[in-house]
Amino acid sequence: MDRRDFLKNSAGAGLSLAITDSVHQQVKAEKLQDRKALRIGFIGVGGRGTALLNTAFAAASIKVPAICDNQKAHAERAAAIVVKNGQPRPQLYTEGDYAYREMLKRDDLDAVIIATPWRWHVPMTVESMQQGTTAAVEVPCALSVEGCWELINTTEKTGVPFMMLENWSYRKDNLAVLNMVRAGLFGEIMHVHCAHSHDCIDHWFFDKKTGKDLWPAEYLIKYNRDQYPTHSVGPVLSWLDINCGDRFVSISSTATASRSINDHFLRRFGPDHPGTKRTYAQGDIVTSTIKTAQGKTVIVNYDMQMPRPYDNRWLLQGTHGVYNEQRDGVYLVDQSPKFHQWEPFKPYEEKYLHSWWKEGGLGTHGGVDGIQLKQFFEAVSHKNTLPLDIYDSVTMSVIVGLSGESISKGSVPIEFPDFTKGKWKTRAPHFAVEKKV
Ligand SMILES: NC(=O)c1ccc[n+]([C@@H]2O[C@H](COP(=O)([O-])OP(=O)(O)OC[C@H]3O[C@@H](n4cnc5c(N)ncnc54)[C@H](O)[C@@H]3O)[C@@H](O)[C@H]2O)c1
């Protein structure tokens with residue numbers, strides 16, 4: 001029996017009035033509840049977008065009324081996830097590459113999550129902001145200096161924010177290190193090493209079974225650069241107060257010759273496969289040295305084609321001590337129990353646990369993705385500044401284009417644009433700053 005039938009069948013005006021009141025209250029409460037739940041649209045629901053969609057439901061009580069993907073099967077798969085989460089079937093936008101424009105015309109979306117191939121990140125994020133909708137976009141948010149400026153100029157002009165979904169910045173260990181840095185345990189941080197060593201050759205760049213090019217393959221064929229710098233550099237920005245007290249000023253990059261892609265094809269598919277015979281621009285390992293205005297240095301390794309287990313090799317060195325992620329170790333002068341000997345990092349991770357991790361992680365990538373989305377949703381719903389700074393988002397991403405330019409010019413240092421236009425000197429740190437209790 002629905003509400004109307006129930007009222008019609010109820011005997012007596014008094015009872016009917018009382019019930020009408022309580023029904024109205026219930027409807028009002030539902031509407032309030034409805035308004036409280038953020039409405040999130042998804043653009044791109046392939047591997048990453050699907051993981052984010054599942055994690056989004058675990059992270060917050062959201063509604064997903066709209067999904068866009070130019071592959072209908074992907075959009076349908078995502079719609080089934082939404083329905084499985086007890087919501088009405090979302091409207092799907094699947095007709096061609098620009099269907100997202102129709103979706104962005106809706107006026108009921110509080111934010112969109114963009115997880116499409118790289119070349120779409122700038123236009124989709126810019127057009128979201130122009131339509132007044134906050135965007136969270138996958139990594140890297142742009143591939144060139146011009147793309148980065150377009151994002152910054154649009155957000156400054158429209159007043160609509162965007163954020164890059166750089167998830168490794170939210171890792172439990174990296175946030176504990178950030179709290180230790182801010183507590184002054186390492187003294188002044190002078191140098192950081194980091195890497196993105198992630199062998200993606202046989203499932204992300206090329207099809208596992210056939211060796212066919214997937215969309216990221218194009219970049220290995222055409223460019224020689226750090227294709228994916230944000231996972232390595234992400235946490236480093238806040239450790240070094242980049243864009244809030246210091247800034248990256250120059251990058252010098254060098255690349256090995258390109259061997260391992262051809263070697264992969266030869267091993268897996270034999271000498272006659274087109275992948276074996278083709279020439280690739282991308283070197284196997286790219287090493288970049290970044291200098292900061294305050295005289296600090298960062299070494300970044302890009303390494304995504306060689307056979308190996310996953311690794312980030314974060315190492316942070318300050319005037320009072322050192323943290324080494326690979327060793328899971330810390331050494332602090334005059335504090336560590338044994339002279340020049342590592343002590344375990346775990347007790348520090350617990351002591352300096354970031355408040356975002358107090359209730360544990362959520363969703364994919366060891367719980368990191370849910371923490372990131374929860375922070376994003378909370379900021380959108382309270383109209384607060386988004387957790388990851390716009391300037392940090394572009395500073396990490398611009399390494400793609402700048403490293404390529406440096407390599408092509410014989411490793412000469414290339415200047416970083418100052419996206420903050422001088423504000424880095426006076427801006428206060430923003431990312432993951434603990435609230436004072
Ligand atoms: N942060 C992380 O941990 C992480 C992990 C994996 C991928 N990523 C990033 O996520 C993004 C997507 O990567 P992926 O591995 O999911 O790729 P994918 O190919 O699996 O998914 C991309 C999806 O976008 C859709 N798409 C392409 N063009 C479109 C358009 N014009 N309009 C609408 N939909 C379109 C495709 O149909 C596909 O479903 C990339 O930027 C990648 O770098 C991030």
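The values are calculated or read from the model by the stated rules, or taken from the named source; none is laboratory data. This structure is a prediction, so every number in the text was calculated from the model and none was measured. Glycine gets a Cβ as well: all are built from the backbone with ideal geometry, and neighbour counts include every protein chain shown.
Some observations on this one:
- Residue in the stretch 116-126 that is within 15 Å of the ligand (Cβ to nearest atom), assigned by TED's automatic domain parsing to the domain that holds Lys291 and either at pLDDT below 95 or touching a strand residue (DSSP E or B) at 6+ places or on another chain (Cβ under 9 Å) (or both) present: no
- Test: residue in the stretch 93-102 that is assigned by TED's automatic domain parsing to the domain that holds Thr50, crowded, with 21+ Cβ neighbours inside 10 Å, at pLDDT 95 or above and more than 21 Å from the chain's Cα centre (by Cα): yes
- The sole residue among Ala255, Ala195, Ala217 that is in contact with a helix residue (DSSP H, G or I) (Cβ under 6 Å, 6 or more places away or on another chain), without any contact (Cβ under 8 Å) to a residue 60 or more places away in the chain and not polar (S, T, N, Q) is Ala217.
- Filtering Arg259, Arg268 for residues that are on the phi < 0 side of the Ramachandran plot, loosely packed, with under 15 Cβ neighbours inside 10 Å and over 25 Å from the mean Cα position of the chain (by Cα) leaves a single hit, Arg259.
- Those helices (runs of 4 or more DSSP H) lying entirely in the stretch 89-175 with at least 2 residues in contact (Cβ under 8 Å) with a residue 40 or more places away in the chain: 99-104, 145-158
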